[in-house]
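Chemist: Here it is: the structure, laid out below.
The values are calculated or read from the model by the stated rules, or taken from the named source; none is laboratory data. These numbers were taken from a predicted model, which means no experiment stands behind them. Note: ideal-geometry Cβ built from the backbone for every residue, glycine included; neighbour counts use all protein chains shown.
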Amino acid sequence: MINAEYLDVFLDESQEHLQAINDNLLRLEQDPTDLSIVGEVFRSAHTLKGMAATMGFEDLAHLTHNMENVLDLIRNQKLEAASTVLDVVFMAVDDLEAMVTDISSGGEGKRDVREIVSQLESIEKGESVAVSEATLSSSQKPSNNSLQEQYDDFEATVLEQSMEQGYSTYQIKVSLDENAMLKAARVFMVFDVLEQVGEVIKSTPTAEDLEAEQFDEHFLVTLVSKIDGEEIKQRILKVSEITEVVVQEFDIASISTKVEEKPIAVPVVDDGNVTEKVESQAKEIEPKKTKSVQTEMNKTIRVNIERLDVLMNLFEELVIDRGRLEQIASELKNNELNETVERMSRISGDLQEIILNMRMMPVEQVFNRFPRMVRNLSKDLNKKVRLEIIGAETELDRTIIDEIGDPLVHLLRNSIDHGIETPDKRLAAGKSEEGTILLKAYHSGNNVFIEIEDDGAGIDREKVLQKAISNGVVTEEESAKLTDQQVFGLLFASGFSTAEKITDVSGRGVGLDVVRNTFESLGGVVTVNSELGKGSVFSIQLPLTLSIIDVMLVEVKEEKYAIPLSSIIETAIVNKSEVYSVHNQKVIDFRGKVVPLVFLKDIFEVPGEHSEEEFYSLVIVHKGDKVAGLVVDSLIGQHDIVLKSLGNYLKEVFAISGATILGNGQVALIVDTNALIK
């Protein structure tokens, strides 16, 4: 049984080395003559091979060894780093990633890599390599080893009894579109189909992991059924966003119910030297590397993210109690108590900053997967595209990092498919044949901005308008009054698409509305700027964290509401005589702009008498370029508050995004200004 402590270190470092290999191979493709890059790739592959051999993952070590041989030829200038050669190396890296993923989910890292090893060996022998379609898709096919997956005694007994009763046993591999926005929903639909034709015995990953979307693009299901395998396949393929289904029948007799446990020897470090090594390949691990890793481990501690979540929840309770103490101290007017509370507030403020920083992660974690995606997609579309990344070290809260990956993938694919032109069209327009996409992240105040800018064809304003009118999104009368910014905003309308034809990349009429909704659910805002023929910029504004936020507390009758400061332009007091009615909507002329008023007492049906004051207290809020004035009874002031969910029971409450507990124990609801402006 592999020691879990060593396994965690192995997985973390393997993923780092694979990411380094990916990044450096992309650099090498841009500059094939730079042998220093080959050296970087070779070192990462060499270390990965040694670690895999030491841990006993022989398939992983074997494939890395073959890849290392090809890299060695390139390093010694015996082989040119041509695109066809790198295509095969990239596919080998994909297989390595799949094996590491299998190990992380509890597997043994087994995989049928004969096809890709054969390709690598052909390159070693100097034979011309033509990457066949079969090879390209080999990484999507389940290996024999994955089909001979280990089952526990109960599962094996069920399978044996099913076979005796005339049922067939199928191992089904289902692959989702890599850009599927709602993976868990697709999995549910697949399981619904399977339960109609038979009984699901096992899934890999587990049902819980599938529901939590903790898997890549494919998953395995063991099914017993009396229906033909081809018919099962066709039924599954009817589920949208399923790209491939492999159904394989196998004999229950070939399954072993016992997992053979082999003792694994691990390196023992004594005074910086490895005193015991397993396998001949393990001897190749450099002592200097081992020592540097050991030193690095002394400086850092790996902490389970769930522990940080618990720490954050405890601190949130502390923030609530801090607010209560501050209120009590101000009421009692005791100097010693005031001084103590002020000191506690400063210390807890520093503690808050440390805890929030511990939860921060660089957006690099998301950005790292985009260069490979852009490379593959540009090849599929016969376009030349260069991706430039700026500000990858910019940090965001982990909860936000987890959510932004898929929407950013969709925006990037949109830029490559709709934005960047083909080389001949770019040359005809006087541009270089290679298009550029700039992916940029930066801090500004309490927000992080992510921008995706391309130098492509830009957005055709008239084409968007005509499509919007034909789809009934706007009328012709309304369209004449729209600004450029408002027209580009129509791209985010539900079901809107300007694609001439449906492709695997985009043009399904689904996507940008989901992208906008995802960012807005995180408290973000998406805007678009474009110039026809010059290019487009999609800009996303996101809050640094979702847990503790700055708000303006306001009062409406006897109730208190919190309005996020990130949505507020300013506060104001206006005379009722300055309020006008336009189309049954009360508005004011505020700094030369017509601003509609939203009365919170009406929206939330707050009981109480109407105010006889001659003035309205307003909070001017915005969503993109749209502005509204929220009418309240009084402004209390700015506060740090802990955002608490209303739970599943109250998840559909209009214009309320959560709640917080104030210092006096009263609950204040947090206003969703985006919903009000809509």
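Chemist: Could you please find all residues in the range 423-441 being surrounded by 13 or more Cβ atoms within 10 Å (Cβ to Cβ) and either farther than 30 Å from Ile401 by Cα or of a type outside the set (A, V, I, L, M) (or both)?
Modeler: Hits for the range 423-441 are Pro423, Lys425, Arg426, Lys431, Glu433, Glu434, Gly435, Thr436, Lys440.
Chemist: Which of the strands (runs of 3 or more DSSP E) found entirely inside the range 628-678 contain at least 1 residues meeting this: touching a strand residue (DSSP E or B) at 6+ places or on another chain (Cβ under 8 Å), closer than 30 Å to Leu351 by Cβ and without any contact (Cβ under 8 Å) to a residue 24 or more places away in the chain? Please lay out each step first, then the result.
Modeler: On the way: elements: 634-642, 656-661, 667-671.
Per the criteria, 656-661, 667-671.
Chemist: Within the range 464-482, is even one residue touching a residue at least 60 places away in the same chain (Cβ under 8 Å), assigned to a helix (DSSP H, G or I) and buried (at least 17 other Cβ atoms within 10 Å of the Cβ)?
Modeler: Among the residues of the range 464-482, not one is touching a residue at least 60 places away in the same chain (Cβ under 8 Å), assigned to a helix (DSSP H, G or I) and buried (at least 17 other Cβ atoms within 10 Å of the Cβ), which makes the answer no.
Chemist: Next up: Out of Ile404, Ile420, which single residue is in contact with a Lys or Arg (Cβ under 8 Å, 6 or more places away or on another chain) and not assigned by TED's automatic domain parsing to the domain that holds Val93?
Modeler: Values: Ile404 fails: in contact with a Lys or Arg (Cβ under 8 Å, 6 or more places away or on another chain).
Checking each option against the conditions leaves just Ile420.
Chemist: Just one of Glu434, Glu353, Glu421, Glu342 is more than 30 Å from Glu213 (Cα to Cα) and modelled with pLDDT under 85; which is it?
Modeler: Answer to the check: Glu353.
Chemist: If you check Ser494, Ser415, which single one turns out to be part of a helix (DSSP H, G or I), among the hydroxyl-bearing types (Ser, Thr, Tyr) and either at pLDDT below 90 or outside the structural domain of Ile355 (by TED's automatic domain parsing) (or both)? Let's see the steps before the verdict.
Modeler: On the way: Ser494 fails: part of a helix (DSSP H, G or I).
Only one candidate passes the filter, namely Ser415.
Chemist: Sticking with this structure for a sec: Applying the selection to the range 192-212, what residues are surrounded by fewer than 16 Cβ atoms within 10 Å (Cβ to Cβ) and under 27 Å from Asp94 (Cβ atoms)?
Modeler: If the condition is that a residue be surrounded by fewer than 16 Cβ atoms within 10 Å (Cβ to Cβ) and under 27 Å from Asp94 (Cβ atoms), then Thr206, Ala207, Glu208, Asp209, Glu211, Ala212 are the ones that fit.
Chemist: Inspect all residues belonging to the range 499-511 and state whether any of them is modelled with pLDDT of 90 or more, over 24 Å from Ile401 (Cα atoms) and either touching a Leu at 6+ places or on another chain (Cβ under 7 Å) or of a type in the set (A, V, I, L, M) (or both).
Modeler: No, that holds for no residue.
Chemist: Same structure again: With closer than 20 Å to Gln214 by Cα and without any contact (Cβ under 8 Å) to a residue 12 or more places away in the chain as the only criterion, which of Asp402, Asp397 stands out?
Modeler: Asp402 is the lone residue from the list that is closer than 20 Å to Gln214 by Cα and without any contact (Cβ under 8 Å) to a residue 12 or more places away in the chain.
Chemist: Taking only pairs six or more apart or across chains, which ones have beta-carbon atoms under 7 Å, a first residue in the range 376-392 that is in contact (Cβ under 8 Å) with a residue 40 or more places away in the chain, and a second residue that is in a loop (DSSP other than H, G, I, E, B) and surrounded by fewer than 16 Cβ atoms within 10 Å (Cβ to Cβ)?
Modeler: Pairs that qualify, where the first residue is in contact (Cβ under 8 Å) with a residue 40 or more places away in the chain and the partner is in a loop (DSSP other than H, G, I, E, B) and surrounded by fewer than 16 Cβ atoms within 10 Å (Cβ to Cβ), are Asn382/Thr422; Lys383/Thr422; Lys384/Glu433.
Chemist: Where residues in the range 379-397 are buried (at least 16 other Cβ atoms within 10 Å of the Cβ) and acidic (Asp, Glu), which of them is modelled with the lowest pLDDT?
Modeler: Ranking the qualifying residues of the range 379-397, first place goes to Asp397.
Chemist: Confirm whether Leu182 is more than 20 Å from Ser105 (Cβ to Cβ) and either at pLDDT below 85 or touching a helix residue (DSSP H, G or I) at 6+ places or on another chain (Cβ under 6 Å) (or both).
Modeler: Yes; evaluated as a whole, the condition is true for this residue.
Chemist: Just checking, does the range 554-566 include any residue being within 34 Å of the chain's Cα centre (by Cα), touching a residue at least 24 places away in the same chain (Cβ under 8 Å) and either surrounded by fewer than 18 Cβ atoms within 10 Å (Cβ to Cβ) or not in a strand (DSSP E or B) (or both)?
Modeler: yes
Chemist: Which residues, counting only those in the range 214-243, are in contact with a Lys or Arg (Cβ under 8 Å, 6 or more places away or on another chain) and acidic (Asp, Glu)?
Modeler: Scanning the range 214-243 gives a single hit, Glu241.
Quick grid of which residues meet (1) more than 22 Å from Asp402 (Cβ to Cβ); (2) out of contact with any strand residue (DSSP E or B) (no Cβ under 8 Å at 6 or more places or on another chain); (3) not assigned by TED's automatic domain parsing to the domain that holds Glu403:
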{"site": "Val341", "(1), (2), (3)": "yes, yes, yes"}
{"site": "Ser345", "(1), (2), (3)": "yes, yes, yes"}
{"site": "Gln352", "(1), (2), (3)": "no, no, yes"}
{"site": "Gln365", "(1), (2), (3)": "no, yes, yes"}
